[in-house]
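The values are calculated or read from the model by the stated rules, or taken from the named source; none is laboratory data. Keep in mind that this is a model prediction, so the values were computed, not measured. Glycine also receives a Cβ, built like all others from the backbone with ideal geometry; neighbour counts cover every protein chain displayed. Surface areas here come from the heavy atoms of the whole protein model, side chains and all, with no ligands, DNA or RNA. Shrake-Rupley method; radii C 1.70, N 1.55, O 1.52, S 1.80 Å.
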Amino acid sequence: MKRVKFALIAAVITIFITPLLFIESSYGKIETNNQTTIEEQLGKIEQDLKSGVPNNKIVAEIKQIRKLKKNSPIFYIPEINYLLDKKIENIPPSSMEKLRERIFQLDILISGATLALALIGSFSLIYLADKLFSSEFKRNFSILLGAILILFALCFKGYPFYAIFSLLAGVSFISKKKIPFSFLMFVLIILHIAGVSLTESYFRSLSSEKNITISKLQRDNYAPYFLFSSLPPTEREIANLSNKQALLYPIPINEWENILKKNIPPEFKAIVINNIGCYLFANNKVKEALSFFENAEKLYPAPKIKYNLFLTYTSLLQPKKAEYYAEQLKEYNHFFDKQVPLSANLGDIRTVKTSISIPYGKIAIVVICFLISVISVSKLFKKHSLISINPIFSRLPGYNFYYKNNYPGIIILSFSSFLTVYIVRLLCLANL
Amino acid sequence: MFSEPVKGTITDFEQFLNLLNFLGDDVLFKLNCDNDHIVFCSNEGKVILTSNGNPLTELEFKKKLTSWILSENKNITFTIIPVLENCPEGTHIEKSRVTEIIEASKFLRAIPEKLHIRILDEKNIPDTIKNLANQKISRNILINVSQISLIDLCLLENKGVIEIKKVGLSDKLAPVIAVLSAIIVIISGILAIFPFKDKILTLTIMDSLTNKIVAKEITGKYIPEKLNAMDGYFNHIIYKQGKLISPGKDRKIGTPDDITLKLPKPKSSIFVIP
C-alpha cells in the first residue's frame, strides 16, 4: 500500500513537474547540441583539481554536475567521491562490491576452518600415536611424520589438503568417545570445500568484464568506455550509444535507426526503441514516445521501460495507467527520483552471472579418504593399549580438551579459530 | 543399583578414574586384560583387591597395572557387578591411594628404556631405589625387581624425591623429536591463519583499491610506492608503474610469487569500475 501511495505521490508531483521539464531539463535540450555533458563536466573537475583551483570553484562545479545528473537518466556518479576523496554521493554497493564483500567473509570462514582442522587434526594424530605405541621414541617419531604431512597439506593445498585432513578426521574413530571430533572435522572439511568453491565462483564472476559492465550499468546507468571493448561489435555499438545518451550527449535519431535495421535480438531492439522513445520524450513528442515505449515493452519488459511508460502516462494525465506501471516497480524505488525517462543499456537485459560448480572430485577424495581411515582405525587397531600421558604434547594448548573428551571445549577452540582469523583479517583489511 | 552386570572398554585414564570414583559399596568393579583380571571391592571408603580369587597386595596391584599398561595392543575392559556377598578377604587400601596410583601410572610410558635415577631427597627413599640410583639401568630390570614397581618411580618423581634421567640415544632423541613436531604443529597453525586462496583474496583487495588509485593518477595526486593497504600476508601493497603488486608469501618483491594487477588507463574522465 505504501508503495502505491508513493507511486501516486510521484505521479502527482510529476504531473506538475513534467511541463517544467520541457523547459528546464538538460535531457530535453538534446537538439541544441551545446549542452555540457556529464563527461565534460567531470573532465573540468579533474583539470581543476590537477591545477589546484580554489575550493569554492570545485564546489560550484560539483553543484553543476549534480544538477546535470538530476536531469539525466544517471543514478549515481561515483567519480565525484573518488576525485574529491570524500563521500559526497551516497552510493549503494554494486553487485560486484557485494561479491567482493562475500569473498572477504568466505576467506574468514575458510581460514577459520583450516585453523580448526589443523588443531583438531594434530590432536587426533597425537592421540593415535599415544594409543598405538608404548615407546616414547616411536610415538614422537610418528607424530613428527604426521605433523610434516599436515604442513605439506597446508603448503600444497588442493587435493593433498583434503586427502590428509580427511584421513586425520577418520582417525578419531579409534575411540567411541572421540567419534564426535571425527564428525566435527568432517563438517569443517565440507564447509571448507563449500567456501573454496563459492570463493572461486565469485572470483570468476568478478573477473568477467561482461559482469563488471552489467553491474556498473545496473547501478549507475553508465560505465567507462574501456569496459565495452570486449563486447561483440553490435553490442558494443548499442552500449556506447546508450552510454553517451545517458551522459547527455546528443545522439542523432538516425544512429539508432541504423542499428534497428540490423538483424539484432529482440532485447537489443527493446533497448534501441526505448532510447528513441527517450529522445522523443525529451523533444516534447510525448505521444510518439509512448508508442515507442509500448513497443519496447512488448519486445522486452525491462523495469526502465515500464518506468518510462509510467512517466509518459503521467505526463499524458492518465493516472490509472501510470499507477498500473508504478505498482510493477516496487523494487525500483530509486527510479522515482528521476523526472526524465530512463535510457536503457545492457544492464537492463543482462544479469551478473555467477556459476557455482560443485567440486565432485574433492568431495569424492574426502569421502574415500575418510572411509579408508575410519575402517583402518576401527578394524586394524581394534586392540590398543591404555593411553598414557604424553609429557610434551599434553602441554599443547587445547590438547587436554581432546584428551578428556571435552566437547564444549573443542567447540570453543574451533570458534576461537574463526575469531582469531577474523581479528587478523580485520587488521589486514583495516585501510581498504 | 544394578540388577545386571555392566560391561565396557577402558580407553583412557580419565575414564578409569571416573569409574573408580563411581565405585560404591554395592558394586564390584572387575578390570579384565586378556585372561587376567583385577577385582576392586569397596568397603567403607577402603578398597580390597583380588585377582583370580587371590588377595592382591598394593605392590602386586602396581606390578600388574604396569605390565598391562606397558604391553601394546591390549584390550582393557571392565565389568560392574552388583554385590551379592561381602568383600573377600584381602589387603585394605585407601581409595585415595588407589586413585593416586592410577594418576601416577599415566606417566609410566614416559619412563625411558634406559634410565639413570638421581636422588633429590634421601630421607623418603626406599633402600632398593637407593641401591639402583646413580647408575645406568634398563627399564626391564626395574620391572623385574621384586621390591618396587615402575609406578613407585612415577609416584616418587611426582613428589620431587627422585629425578629420572634419559640415557639411551632414542630416549634422548624422543623429546627433541617431540619439540620439533610441536614446532611444526605451531607453524602449521600460523600457516592456517593466512589466506587459503591467497591470490584471490589479494586480487580482490587490489580490485577494491583500483578506483582510489586511478582517481589519484588522474588528478595528479602523490601516490606513495608503499600503499597504506595490506594483503593477506600483512605485506603493504606496492604501487609501481601503473600496477599494484603484492610481494606474496616470501614478502619480497620481484619474485615469482608476486601478485600483480594492471590498473586501467581510462582515456576519458569516466573511470570508476563497480
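Could you grab me the full set of residues in region B:124-140 that are open to solvent by less than 90 Å² (accessible area, probe 1.4 Å) and not polar (S, T, N, Q)?
Scanning region B:124-140 gives B:Ile125, B:Pro126, B:Ile129, B:Lys130, B:Leu132, B:Ala133, B:Ile137, B:Arg139.
Return yes or no: is B:Leu49 surrounded by 19 or more Cβ atoms within 10 Å (Cβ to Cβ), in contact (Cβ under 8 Å) with a residue 40 or more places away in the chain, of a type outside the set (Lys, Arg) and in contact with a Gly (Cβ under 9 Å, 6 or more places away or on another chain)? Talk me through it step by step, then tell me what you get.
Numbers: surrounded by 19 or more Cβ atoms within 10 Å (Cβ to Cβ): yes; in contact (Cβ under 8 Å) with a residue 40 or more places away in the chain: yes; of a type outside the set (Lys, Arg): yes; in contact with a Gly (Cβ under 9 Å, 6 or more places away or on another chain): yes.
Considered against the rule, which asks whether it is surrounded by 19 or more Cβ atoms within 10 Å (Cβ to Cβ), in contact (Cβ under 8 Å) with a residue 40 or more places away in the chain, of a type outside the set (Lys, Arg) and in contact with a Gly (Cβ under 9 Å, 6 or more places away or on another chain), B:Leu49 comes out as yes.
Identify, by number, the condition in (1) part of a helix (DSSP H, G or I); (2) within 31 Å of the chain's Cα centre (by Cα) that B:Leu209 doesn't meet.
Of the numbered conditions (1) part of a helix (DSSP H, G or I); (2) within 31 Å of the chain's Cα centre (by Cα), the odd one out for B:Leu209 is (2).
Sort out which residues of region A:108-135 are within 7 Å of chain B (Cβ to nearest Cβ), within 30 Å of the chain's Cα centre (by Cα) and open to solvent by 10 Å² or more (accessible area, probe 1.4 Å), and write them in order of number.
If the condition is that a residue be within 7 Å of chain B (Cβ to nearest Cβ), within 30 Å of the chain's Cα centre (by Cα) and open to solvent by 10 Å² or more (accessible area, probe 1.4 Å), then A:Leu115 is the only one that fits.
Scan region A:164-180 and tell me whether some residue there is within 30 Å of B:Thr77 (Cβ to Cβ), touching a residue at least 40 places away in the same chain (Cβ under 8 Å) and surrounded by fewer than 18 Cβ atoms within 10 Å (Cβ to Cβ).
Yes.
If you check A:Ile62 against the conditions, is it more than 25 Å from A:Phe203 (Cβ to Cβ) and either in contact with a Cys (Cβ under 6 Å, 6 or more places away or on another chain) or not in a helix (DSSP H, G or I) (or both)?
So A:Ile62 fails the test.
If you take the residues of region B:65-122 that are among the aromatic types (Phe, Trp, Tyr) and closer than 23 Å to B:Ile164 by Cα, which of them is most open to solvent (accessible area, probe 1.4 Å)?
Once the filter is applied, the top-ranked residue is B:Phe107.
Name the single residue that is surrounded by the fewest Cβ atoms within 10 Å (Cβ to Cβ) among those in region A:81-97 being more than 10 Å from chain B (Cβ to nearest Cβ) and not β-branched (Val, Ile, Thr). Spell out how you get there, then give the answer.
Here is the first cut: in region A:81-97, the ones more than 10 Å from chain B (Cβ to nearest Cβ) are A:86-90, A:92.
From what is left, the residues that are not β-branched (Val, Ile, Thr) are A:86-87, A:89-90, A:92.
Values: A:Lys86: 10, A:Lys87: 9, A:Glu89: 19, A:Asn90: 7, A:Pro92: 10.
Checking each candidate, the answer is A:Asn90.
If I ask for residues that are surrounded by fewer than 23 Cβ atoms within 10 Å (Cβ to Cβ) and more than 7 Å from chain A (Cβ to nearest Cβ), which ones from region B:195-205 would you list?
Selection gives B:Asp198, B:Lys199, B:Leu203.
Identify all residues within region A:199-239 that are open to solvent by 50 Å² or more (accessible area, probe 1.4 Å), small (Gly, Ala, Ser) and within 9 Å of another protein chain (Cβ to nearest Cβ); write none if there are none.
If the condition is that a residue be open to solvent by 50 Å² or more (accessible area, probe 1.4 Å), small (Gly, Ala, Ser) and within 9 Å of another protein chain (Cβ to nearest Cβ), then A:Ser207 is the only one that fits.
For region B:154-206, what are the residues that are of a type in the set (Gly, Ala, Ser) and either outside any helix (DSSP H, G or I) or closer than 26 Å to B:Ile117 by Cα (or both)?
Listed by number, the residues that qualify are B:Gly160, B:Gly168, B:Ser170, B:Ala174, B:Ala178.
Search region A:248-263 for residues that are on the phi > 0 side of the Ramachandran plot and in contact (Cβ under 8 Å) with a residue 60 or more places away in the chain and pair each with any residue that is open to solvent by less than 50 Å² (accessible area, probe 1.4 Å) and in a loop (DSSP other than H, G, I, E, B) when their beta-carbon atoms are under 9 Å apart and the residues are at least 6 apart or on different chains.
Sorted first by the residue in region A:248-263, then by its partner, the pairs are A:Leu248/A:Ser26; A:Leu248/A:Gln35; A:Leu248/A:Thr36; A:Leu248/A:Thr37; A:Leu248/A:Asn71; A:Leu248/A:Ser72; A:Leu248/A:Ile74.
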